[in-house]
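Notes to accompany the following structure.
The values are calculated or read from the model by the stated rules, or taken from the named source; none is laboratory data. From a predicted model like this one, the values you see are computed outputs, not experimental measurements. Counting neighbours? That spans all protein chains shown, and the Cβs are built from the backbone with ideal geometry, glycine included.
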């Protein structure tokens, strides 16, 4: 059959339509998902591939860790079975961490799309399910402790639901209505995507999507290679340190980024070996955040599909913490995996300092899993993701409360209080937490929760509440770059006292916990920051009058909050030691 070609205008129209189709499937999740982690924090990703499993389009608002890992894993799943073995109405479910997005909570639902009785594409979505059973703690030693493990299995066989499988999942989780409801939301999202693809193919008189996919993927690869070619050839090494939670030893990440024409290769030889607690990272998840660093720094506007992936290569020693072997514990893999973007930035900053950002307080995402029972005895379970200050860049201050690089959203107070018996006592920005610099790091935030007492619950307080903290930046703050200063450290407090952020924390009625997210690192010398910008920071409550003078060397009247420009110029030009 002759290969179909597309003129540039038609190609652009079809591409935009494909994006809108995935975004419509994405929107259906927000309308149908049960968990607030999905509806509000947006911890899910929708995508579809051509008939060969090559990623064609992903949702506009997706999580890079899921999306990047899916691009590798979904293709492997699809190619593991002959194309003619798929049946119309089939739906597969899988949460194998090594095959997909790195931990059991990320459950993938995959569906073939049939047009004129032939499989022409596949659609998939990954949801982070708040509960997948198991012992919810980052100090587990093996993946078997972390929940139910689902290999690639038919959830629907030619349109017939596998009730036994769904029932098995239901009996292995704490909140079965929420989990099974979210699985049905995934099936619905795939259905929306498939329905719209079929509609488009009929209207455009297409017999296959593969020709269109080849054109889109080829053009994307050309653009991605052109972006990489702008980076000076060479090898750029970096050695980073990630704190071990509690009393655990630090983790060392050794990488060398080699740019060779239009190809880029990241080698992690020398990186620490996998550990006996839950921060181990599978290859796919590591690759996802390596790819994100290259893609976001050098051409964020290029479409993300198979073509964008092809020029970015990675090697990592098997058995290392960023390419762990089964059955390593992986539930808190973001505590290490999220740092890969920052590590690549630090390496490439040697070649292109104008294209990278300082360390971010939302790296890793500050994740808290909370569960217990209400006064009525009904179990509840939720997960909240909290952002910190984002690192500053050459021309911009860091954003506040950004979940970077994970691209999630902060859960609203109203939703948290409606889903749980917890009371939010305080939430706000933390003054002086952003790393000083010519461009200031983003501001961190504090959130204080209380388990209600009997008086606050009409005499029926909840039972013991359990919290699993998966976070970081308690020891090493987000670094500033090019003379920028680090952001403030994260903190975890119980009843006003520092608490151990590793393992599980138990709360009784009346107990109070506070999560303080780190601020982002600064970019450039803080003494070069525009005094007017420092004045606005003080007026907005981001920077104190004291820090403005001591660090930025900007003098502001503490009573009127007026800028004293003469005193500032005198202070900034004062000889050292005087």
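Residues in segment 203-211: is at least one more than 22 Å from the chain's Cα centre (by Cα), touching a residue at least 24 places away in the same chain (Cβ under 8 Å), part of a helix (DSSP H, G or I) and farther than 29 Å from residue 97 by Cα?
Within segment 203-211 (the criterion being more than 22 Å from the chain's Cα centre (by Cα), touching a residue at least 24 places away in the same chain (Cβ under 8 Å), part of a helix (DSSP H, G or I) and farther than 29 Å from residue 97 by Cα), the answer is yes, since at least one residue qualifies.
Does segment 191-203 include one or more residues that are over 26 Å from residue 108 (Cα atoms), out of contact with any helix residue (DSSP H, G or I) (no Cβ under 8 Å at 6 or more places or on another chain) and in the same structural domain as residue 68 (by TED's automatic domain parsing)? Break it down into steps so the answer makes sense when it comes.
Keep residues of segment 191-203 that are over 26 Å from residue 108 (Cα atoms), which gives 202-203.
If we keep only those that are out of contact with any helix residue (DSSP H, G or I) (no Cβ under 8 Å at 6 or more places or on another chain) as well, we get 202-203.
Add one more test, that the residue is in the same structural domain as residue 68 (by TED's automatic domain parsing), and what stays is 202-203.
Within segment 191-203 (the criterion being over 26 Å from residue 108 (Cα atoms), out of contact with any helix residue (DSSP H, G or I) (no Cβ under 8 Å at 6 or more places or on another chain) and in the same structural domain as residue 68 (by TED's automatic domain parsing)), the answer is yes, since at least one residue qualifies.
Sort out which residues of segment 192-236 are over 29 Å from residue 291 (Cα atoms) and surrounded by fewer than 16 Cβ atoms within 10 Å (Cβ to Cβ), and write them in order of number.
If the condition is that a residue be over 29 Å from residue 291 (Cα atoms) and surrounded by fewer than 16 Cβ atoms within 10 Å (Cβ to Cβ), then 195, 199, 202, 203, 204, 205, 207 are the ones that fit.
Hey, which of the helices (runs of 4 or more DSSP H) in segment 461-578, taking only ones fully inside, have at least 1 residues that are more than 24 Å from residue 333 (Cα to Cα) and within 33 Å of the chain's Cα centre (by Cα)? Full working, then the answer.
Working: elements: 531-540, 545-550, 565-572.
Output list reads 531-540, 545-550.
May I ask you to say which residue of 362, 391 is surrounded by 24 or more Cβ atoms within 10 Å (Cβ to Cβ), assigned to a loop (DSSP other than H, G, I, E, B) and at pLDDT 95 or above?
Numbers: 362 fails: at pLDDT 95 or above.
Of the residues listed, the single one that is surrounded by 24 or more Cβ atoms within 10 Å (Cβ to Cβ), assigned to a loop (DSSP other than H, G, I, E, B) and at pLDDT 95 or above is 391.
If you scan segment 327-337, which residues turn out to be under 20 Å from residue 270 (Cα atoms) and over 19 Å from the mean Cα position of the chain (by Cα)?
Within segment 327-337, 328 is the sole residue that qualifies.
Does any residue of segment 251-267 turn out to be surrounded by fewer than 23 Cβ atoms within 10 Å (Cβ to Cβ) and in a loop (DSSP other than H, G, I, E, B)?
Yes, the conditions are met somewhere in segment 251-267.
Can you tell me which residue in segment 120-136 is farthest from residue 26 (Cα to Cα), limited to those that are outside any strand (DSSP E or B) and touching a helix residue (DSSP H, G or I) at 6+ places or on another chain (Cβ under 8 Å)?
Here is the first cut: in segment 120-136, the ones outside any strand (DSSP E or B) are 129-136.
When the remaining residues are screened for being touching a helix residue (DSSP H, G or I) at 6+ places or on another chain (Cβ under 8 Å), the result is 129-132, 134-135.
Details: 129: 16, 130: 18, 131: 21, 132: 22, 134: 28, 135: 30 Å.
Selected residue: 135.
If you go through segment 91-100 one residue at a time, do you hit one that is over 18 Å from residue 188 (Cβ atoms), buried (at least 24 other Cβ atoms within 10 Å of the Cβ), assigned by TED's automatic domain parsing to the domain that holds residue 217 and at pLDDT below 95?
Looking through segment 91-100, at least one residue is over 18 Å from residue 188 (Cβ atoms), buried (at least 24 other Cβ atoms within 10 Å of the Cβ), assigned by TED's automatic domain parsing to the domain that holds residue 217 and at pLDDT below 95.
Please find, within segment 471-506, the residue that is nearest to residue 444 (Cα to Cα) out of those that are in contact with a strand residue (DSSP E or B) (Cβ under 8 Å, 6 or more places away or on another chain) and without any contact (Cβ under 8 Å) to a residue 24 or more places away in the chain.
Here the answer is 493.
Kindly indicate whether any position in segment 405-426 is closer than 15 Å to residue 488 by Cα, surrounded by 22 or more Cβ atoms within 10 Å (Cβ to Cβ) and modelled with pLDDT of 90 or more. Working first, answer last.
Of all residues in segment 405-426, those closer than 15 Å to residue 488 by Cα come to none.
No: segment 405-426 contains no residue that is closer than 15 Å to residue 488 by Cα, surrounded by 22 or more Cβ atoms within 10 Å (Cβ to Cβ) and modelled with pLDDT of 90 or more.
Okay, residues lined up against (1) over 20 Å from residue 191 (Cα atoms); (2) in contact with a helix residue (DSSP H, G or I) (Cβ under 6 Å, 6 or more places away or on another chain):
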position	(1), (2)
43	no, yes
78	no, no
105	yes, no
115	no, yes
142	yes, no
146	yes, no
